[in-house]
Amino acid sequence: MQVLTINGQRRELDVDPDMPLLWAIRDVLELTGTKFGCGQALCGACTVMVDGMPARSCQTSVGDAAGKPIVTIEGVDGKVAQAVQAAWIKLDVPQCGYCQSGQIISAVGLLSQNRKPNDDEIDAAMSGNLCRCATYHRIRGAIHEAARMLEA
Amino acid sequence: MLFDRLGSAPRLSDHAATDAAGPAVPDLSRRRFLLAAAAIGGGLAVGFRAAPAEAAATAAPAAAATNPFAAYLRIAPDNTVTVLSAHMDMGQGIYHGTATLVAEELGAAWEQMRAEGGWGNPKLYGNLAWGGTMQGTGGSSGTFSSFDRYRQAGAAARMMLVAAAAKAWSVPAAEIKVDKGVVSHASGRKASFGDLAAAAAAMPVPADVTLKASDAWTLIGNETLPRIDSREKSTGRQTFTIDVKLPGLLTAVMIHPPVFGAKVKSFDAAKAKAIKGVVDVVAIHRGVAVVADTMWSALKGREAVTVVWDETGAETRSTAEIMASYRELAAKPGATVAENRGDVDGAFAGAAKVIEARYEFPYLAHAALEPLNAVARRNADGTIEIWGGHQMPDLYQMIAAKVADTTPDKIVLHVMKTGGGFGRRAVFDADVVAEAVAVGRAIGWKAPVKVQWTREDDMRGGRYRPAYVHALKAGLDKDGRIVAWSNRIVGQSIMKGTAFEAMVTNGVDPTSVEGSAHLPYAMPNRRVELTTTDVGVPVLWWRAVGSTHTAYAVETFLDELAAAAGRDPVEFRLDMLQGSPRHAAVLKMAAEKAGWGAPLPAGRFRGVAVAESFGTVVAQVAELTVGKAGAIKVERVVCAVDCGTAVNPDMIRAQIEGGIGFGLGAILKSKLTLDKGRVVEGNFDGYEVLRIEDMPKVEVHILASNAKPTGVGEPGVPPIGPAVANAYAKATGKRIRALPFAQSLNT
Ligand code: FES
Ligand code: FES
């Protein structure tokens, strides 16, 4: 039995500790906002917060995540997350939307560390999050917009 | 066998293309071949009863006389209006578009609008750009096909709401107003759409509707309309096929043949079946499926299965070998001629200068971020429900029925939004959809099943943008004008050997030559030849299809000719575009907005390209810098678009921005390689695509137009490659003629 703390809730799972956190979240806990894109930490679609830092859940095992607070797109909250999501909606960032849970978690991670990132810092922090619809131009704009909202 | 039936399509000689896609005709090539599919539908004795030509003529008026509540929209008691879109949404925003069209005429408040995929009535959902008999999404035709139909539906629904209110309030209909979702009368009576919905649906359907004049529009063309699904997509609430939840749902992963064309000889699943969570291992027509309780169990099970393959007749060549054979073919006259005007050979003989260049284009994977998937369930009443990115639903219904050994009326499709698509979900054999049905059947339908491909399955699963070689040759006269033009194209046909074979005319697949044949430039003597190759690698349309390679070859070669003639590349093109005013206008606009001719900061260089695809004309000016190590950084792209009436300007910008990023990633980095028939790249480490640090700043300018809207999903892609290559040539003097750039720069 594995115990995860996810979105503030304690959940017991009857899975092997080597199961990737991604599949525990999606298939066992049925929180499907977190997406599968590559399974190899190459696309960022599966990004969740583990211990306050963005992590690729496809390459994090349930055993490694046990005992640490995990936040998925369903549970993301607080000033930074609200600003990021409001900016995303304001700029109509998503196209297909499939990558966006991961993008938003990474953006929240960035703005939690750096309240006023420039374009290069945004690019560096977001490079691991692929968007095949190439919404990158708006992602940059929305992160700047969220930074402005946080400042105000 | 189903696939044999589909393969032996009746030829539709009356409707088949007699020529390749010409300029200024929206999505001609795709329209025609889907008509062929409609005839095949007839051959299978399901649907598509109307002759294509007849349906095309009657489909639009039929929409006006159709009860809109039966097909195009639903008004719920909670006052939400849900539009049922005839086109699938893979991110291009067509749900937003159809909702805009309905809301405009209905008089709805934007906040009450919703949208979902409609399906099950080819006559009412048939794509009007394809003749109207078959539902389908593609060729950037969604807005074109929906523009009249969904406005008419909205207008008819408004009249029915008004009629219901008039009856309830005993006042003349002419005295009733509808505004922002409120139906009202001067007497002070008021009702919401939700209040009137039930009564309205039973009102007589108006035989005729009058649509608003364009100057009365408040939603069409509105710059500030929030995208209909941004909130769901920014909160993780948008569900895709991968997210479908059903009681007892199992997950299956496939083991596909290691080389294209191999078949399962035998397999050993004993070890896999011993793994916790694995439910079954079954062979189906497309490989072996491992069925389990979760994706993780299925993946572990898959590792434990051994399959022996029969590789007889499979494609086992490497891409190096295939490309070498294409180069040889490109040195010889083409097997077929797509266009031949004037006296090409005579003009070459008299030319002052002859210039030649050869271009090479790799196979490309679509690599949408949601790997392919589908969910199937059989119900107690024998119906089979299938959730998926049903891009050609009527065809998938037929195929699913065959695979399940049932009748098409038993198949119920749920059209899901997909995590990208780029053409990959419009497949001749319904690949993953057929797999879900076949696996469900193979396990005796004991539980609903989701077939989920991994990234590697998706990358190695075939259906690529075909590889091509182009040989171009042009003759200039002493004043630097093009007097002779020849373009030889060598590569696979997308449609040959498929259900759409009938669209291949005189050996020319229009998707192989679109963007090369019938150029908008005034060139009196020109010839486009095509040699279609026989390679066992499955190919498919990939966002912008033929123009992904033809525009690159044509527009970079033109740049080279302009340089040889000592002419400015914009002026050089404009001289030849006097008979193509739309092309000239977008080119001028892009050049002007980009400050063409004005000095740039040191180390920055500009390039330009213009291309028409699917009836939309796009010009782009790219600015780049070249770093010390030779690294290219595209800094800025200025783009002008003529797509007719701009229904959703911000959605147009989004699609063009996305098209630029999609195309740029491909030309800089992407290639799919075969080693003795085995696909080398499996994931985003080997198959590189654009990441955020490579995304330029993009400016999109939309030409004002009252013409009928044309598409924007694809046309942003073709010009970016040549615009960047032309800027690179300006910066370095080097012409990149083999894609991707990364490969040319390393060799
Ligand atoms: S699925 Fe984890 S990074 Fe792609
Ligand atoms: S919005 Fe489609 S992958 Fe990012």
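The values are calculated or read from the model by the stated rules, or taken from the named source; none is laboratory data. Only a predicted model underlies this, so the values are computations on that prediction, with no experimental measurement involved. Note that each Cβ is placed from the backbone with ideal geometry, even for glycine, and that neighbours are counted across all protein chains shown. The accessibility values were calculated without ligands, DNA or RNA, using every heavy atom of the protein model including side chains. Shrake-Rupley method; radii C 1.70, N 1.55, O 1.52, S 1.80 Å.
Being surrounded by 21 or more Cβ atoms within 10 Å (Cβ to Cβ), closer than 23 Å to B:LYS300 by Cα and out of contact with any His (no Cβ under 7 Å at 6 or more places or on another chain) is true for just one of A:LEU4, A:LEU13. Which residue is that?
A:LEU4
Within segment A:25-42, track down each residue that is within 14 Å of ligand 1 (Cβ to nearest atom) and more than 8 Å from every other protein chain (Cβ to nearest Cβ).
If the condition is that a residue be within 14 Å of ligand 1 (Cβ to nearest atom) and more than 8 Å from every other protein chain (Cβ to nearest Cβ), then A:ILE25, A:ALA41 are the ones that fit.
Exactly one of (1) in a helix (DSSP H, G or I); (2) crowded, with 21+ Cβ neighbours inside 10 Å; (3) within 14 Å of chain A (Cβ to nearest Cβ) is unmet by B:VAL451. Its number?
B:VAL451 satisfies every listed condition except (1).
Could you please let me know if B:THR133 is touching a strand residue (DSSP E or B) at 6+ places or on another chain (Cβ under 9 Å), touching a residue at least 24 places away in the same chain (Cβ under 8 Å) and not assigned by TED's automatic domain parsing to the domain that holds B:MET416?
No.
Could you check segment A:2-53 and list, in sequence order, the residues that are within 16 Å of ligand 2 (Cβ to nearest atom), at negative phi and touching a Leu at 6+ places or on another chain (Cβ under 9 Å)?
Hits for segment A:2-53 are A:THR34, A:LYS35, A:PHE36, A:GLY37, A:CYS38, A:LEU42, A:CYS43, A:ALA45, A:CYS46.
Name the residue that is nearest to B:PHE662 (Cα to Cα), counting only residues in segment A:88-120 that are more than 9 Å from every other protein chain (Cβ to nearest Cβ) and touching a residue at least 60 places away in the same chain (Cβ under 8 Å).
Here the residue is A:GLY102.
Do any residues in segment B:670-682 that are of a type in the set (D, E, K, R) have Cβ atoms under 7 Å from those of residues that are at pLDDT below 95, where the two are at least six apart or on different chains, and which pairs are they?
Close Cβ pairs satisfying both conditions: B:LYS671/B:GLN743.
Test each condition in (1) outside any loop (DSSP other than H, G, I, E, B); (2) within 9 Å of chain A (Cβ to nearest Cβ) for B:ARG227 and report the one that comes out false.
That leaves (1) as the condition not met.
Of the conditions (1) more than 15 Å from ligand 1 (Cβ to nearest atom); (2) in the same structural domain as A:VAL28 (by TED's automatic domain parsing); (3) basic (Lys, Arg), A:LYS90 fails just one. Which one is it?
The number of the failed condition is (2).
Looking at (1) open to solvent by 30 Å² or more (accessible area, probe 1.4 Å); (2) away from ligand 2 (no atom under 15 Å from the Cβ); (3) part of a helix (DSSP H, G or I), which is the only condition A:ALA81 fails?
Unmet for A:ALA81, out of (1) open to solvent by 30 Å² or more (accessible area, probe 1.4 Å); (2) away from ligand 2 (no atom under 15 Å from the Cβ); (3) part of a helix (DSSP H, G or I): (1).
From the list A:GLY8, A:GLY52, A:GLY63, which residue is in contact with a Pro (Cβ under 6 Å, 6 or more places away or on another chain), away from ligand 1 (no atom under 14 Å from the Cβ) and outside the structural domain of A:SER127 (by TED's automatic domain parsing)?
The match here is A:GLY63.
Being open to solvent by less than 10 Å² (accessible area, probe 1.4 Å) and over 20 Å from B:GLY420 (Cβ atoms) is the requirement here; does A:LEU111 meet it?
yes
Can you pull out every residue in segment A:121-137 that is part of a loop (DSSP other than H, G, I, E, B), open to solvent by 10 Å² or more (accessible area, probe 1.4 Å) and more than 7 Å from chain B (Cβ to nearest Cβ)?
A:GLY128
If we keep just the residues of segment B:259-276 that are surrounded by fewer than 17 Cβ atoms within 10 Å (Cβ to Cβ) and touching a strand residue (DSSP E or B) at 6+ places or on another chain (Cβ under 7 Å), which is nearest to B:PRO448 (Cα to Cα)?
B:LYS273
Could you please give the count of residues in segment A:66-75 that are at the interface with chain B (Cβ under 8 Å from one of its Cβ atoms) and either part of a helix (DSSP H, G or I) or more than 16 Å from ligand 1 (Cβ to nearest atom) (or both)?
Total satisfying the criteria: 1.
Mind listing whichever residues of segment B:85-96 are over 12 Å from B:ARG149 (Cα atoms) and outside any loop (DSSP other than H, G, I, E, B)?
Within segment B:85-96, B:ILE94, B:TYR95, B:HIS96 meet the criteria.
Taking only pairs six or more apart or across chains, which ones have beta-carbon atoms under 8 Å, a first residue in segment B:208-234 that is within 16 Å of ligand 2 (Cβ to nearest atom), and a second residue that is modelled with pLDDT of 95 or more and hydroxyl-bearing (Ser, Thr, Tyr)?
What qualifies is B:ILE228/B:TYR95; B:ASP229/B:TYR95.
Got a sec? Which of A:ILE89, A:ILE104 is within 15 Å of ligand 2 (Cβ to nearest atom), assigned to a helix (DSSP H, G or I), in contact with a helix residue (DSSP H, G or I) (Cβ under 6 Å, 6 or more places away or on another chain) and open to solvent by 10 Å² or more (accessible area, probe 1.4 Å)?
Residue meeting the stated conditions: A:ILE89.
If you go through segment B:490-504 one residue at a time, do you hit one that is among the acidic types (Asp, Glu), away from ligand 2 (no atom under 16 Å from the Cβ), away from chain A (no Cβ under 14 Å) and within 20 Å of B:ASP431 (Cβ to Cβ)?
Yes, because at least one residue in segment B:490-504 is among the acidic types (Asp, Glu), away from ligand 2 (no atom under 16 Å from the Cβ), away from chain A (no Cβ under 14 Å) and within 20 Å of B:ASP431 (Cβ to Cβ).
For residues that are surrounded by fewer than 23 Cβ atoms within 10 Å (Cβ to Cβ) and either in contact (Cβ under 8 Å) with a residue 40 or more places away in the chain or touching a Leu at 6+ places or on another chain (Cβ under 9 Å) (or both), scanning just segment B:385-406, find the one that is nearest to the other protein chains (Cβ to nearest Cβ).
Selected residue: B:GLU385.
For B:SER192, all conditions in the list (1) on the phi > 0 side of the Ramachandran plot; (2) open to solvent by 20 Å² or more (accessible area, probe 1.4 Å) hold save one; what is the number of the exception?
Only one criterion in (1) on the phi > 0 side of the Ramachandran plot; (2) open to solvent by 20 Å² or more (accessible area, probe 1.4 Å) is unmet by B:SER192, namely (1).
Tell me which residues, restricted to segment B:691-713, are touching a Phe, Trp or Tyr at 6+ places or on another chain (Cβ under 7 Å) and either of a type in the set (A, V, I, L, M) or open to solvent by 30 Å² or more (accessible area, probe 1.4 Å) (or both).
Selection gives B:ILE692, B:MET695, B:LYS708.
Which condition number in (1) more than 14 Å from chain A (Cβ to nearest Cβ); (2) open to solvent by 10 Å² or more (accessible area, probe 1.4 Å) is the one that B:GLU688 fails?
Of everything listed in (1) more than 14 Å from chain A (Cβ to nearest Cβ); (2) open to solvent by 10 Å² or more (accessible area, probe 1.4 Å), B:GLU688 misses just condition (1).
Considering only residues that are β-branched (Val, Ile, Thr), open to solvent by 10 Å² or more (accessible area, probe 1.4 Å) and at pLDDT 95 or above, which ones fall in segment B:455-499?
The answer is B:ILE482, B:VAL483.
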